[in-house]
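Chemist: Just dropping this structure here.
The values are calculated or read from the model by the stated rules, or taken from the named source; none is laboratory data. A quick note: this is a predicted structure, and the numbers were derived from the prediction, not measured. Glycine also receives a Cβ, built like all others from the backbone with ideal geometry; neighbour counts cover every protein chain displayed.
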Amino acid sequence: MKNYLPEGTAETPFNPQLEHFDFICGSVRNENRVLRIISIIASVSFLASLGLCYYAITQPDAVPVVITLDDLGRTNYVGKLTRTNWQGYQIPDIAVTAKIKEFLELYFFISTDVIVMRRNIQNAYHNLTRVTSEKYTLMIDQENPYADFGEVTQEVIYDTEPLSVSGSTYQVDFHVIKRNLSGRTKSDTYYRALISVDFMNPTEDDMTVNPLGIYITSFDFKTLKTNDYGD
């Protein structure tokens with residue numbers, strides 16, 4: 001008697017046990033294929049995460065921030081957003097001149113509010129380097145510009161805008177009006193200032209006041225004349 005084996009597809013309706021065995025073998029092969037795909041995806045994801053970690057570690061240390069700049073060049077620190085670096089960013093000249101004027105006003109302005117005065121002195125240091133901070137402290141100690149605090153007010157009036165005279169050095173002419181508490185002018189002193197700036201990554205402490213990292217690297221005030229009107 002001759003036996004005839006099935007040909008063509010693996011369908012074996014004549015043998016339910018063999019059909020079930022084929023089903024199990026096929027399921028195992030499909031599961032193995034899925035597991036291989038999952039393993040490959042997991043390996044690629046792991047390698048990609050290592051690459052991202054290495055990229056993040058090798059980035060320059062910079063504070064991620066959002067900063068707004070108004071038409072007068074004044075900057076405002078909004079908050080942190082993404083990792084970024086200000087190196088190479090072209091800071092507009094109007095922001096530099098605004099920072100110079102801010103520095104002058106922080107020093108020469110006198111209010112009757114002690115909180116305002118303390119904040120002004122603190123904020124001035126956020127615009128200075130280590131060297132200019134030491135000079136600023138010495139100047140305050142020697143000249144005692146706030147000796148009349150509580151008795152007078154002072155405001156700064158600009159005769160010229162800060163103008164670049166050589167590279168990062170600016171010249172500005174201004175005068176400081178001193179008044180008694182009744183509003184009568186006591187004196188009017190004219191100055192010429194030479195101020196140099198440089199751009200650096202601001203520290204965490206400086207970020208709120210000096211978000212663009214415009215630092216005063218040198219400064220000099222020259223008295224041109226004083227009009228004294230008495231008490």
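Chemist: Hey, can you tell me all the residues within region 120-145 that are among the polar types (S, T, N, Q) and part of a helix (DSSP H, G or I)? Talk me through it step by step, then tell me what you get.
Modeler: Taking region 120-145 first, the residues among the polar types (S, T, N, Q) are 120, 122-123, 127, 129, 132-133, 137, 142, 144.
Answer for region 120-145, where residues must be among the polar types (S, T, N, Q) and part of a helix (DSSP H, G or I): Asn120, Gln122, Asn123, Thr132, Ser133, Thr137, Gln142.
Chemist: Sticking with this one: Taking region 182-220 on its own, how many of its residues are at pLDDT 95 or above, closer than 26 Å to Ile94 by Cβ and buried (at least 17 other Cβ atoms within 10 Å of the Cβ)?
Modeler: The total comes to 8.
Chemist: Looking at region 150-173, can you tell me whether even one residue there is within 16 Å of Ala193 (Cβ to Cβ), more than 29 Å from the chain's Cα centre (by Cα) and crowded, with 16+ Cβ neighbours inside 10 Å?
Modeler: yes
Chemist: Let me ask something else about it. Search region 110-129 for residues that are free of Cβ contacts under 8 Å to residues at least 24 places away in the same chain and pair each with any residue that is buried (at least 17 other Cβ atoms within 10 Å of the Cβ) and among the hydrophobic types (A, V, I, L, M, F, W, C) when their beta-carbon atoms are under 6 Å apart and the residues are at least 6 apart or on different chains.
Modeler: Listed by first residue and then by second, the contacts come to Asn120/Leu106; Ala124/Leu106.
Chemist: Still on this model: So, in region 142-167, of the ones that are acidic (Asp, Glu) and touching a residue at least 24 places away in the same chain (Cβ under 8 Å), which residue ends up nearest to Thr223 (Cα to Cα)? Steps first, answer last, please.
Modeler: Of the residues in region 142-167, the ones acidic (Asp, Glu) are 143, 148, 151, 155, 159, 161.
Checking which are touching a residue at least 24 places away in the same chain (Cβ under 8 Å) leaves us with 148, 151, 155, 159, 161.
Numbers: Asp148: 19, Glu151: 23, Glu155: 16, Asp159: 14, Glu161: 17 Å.
Among those that are acidic (Asp, Glu) and touching a residue at least 24 places away in the same chain (Cβ under 8 Å), it is Asp159.
Chemist: Quick test for you: out of Ser187, Ser166, pick the one residue that is touching a strand residue (DSSP E or B) at 6+ places or on another chain (Cβ under 6 Å) and not hydrophobic (A, V, I, L, M, F, W, C).
Modeler: On the way: Ser166 fails: touching a strand residue (DSSP E or B) at 6+ places or on another chain (Cβ under 6 Å).
Every option except Ser187 fails the conditions.
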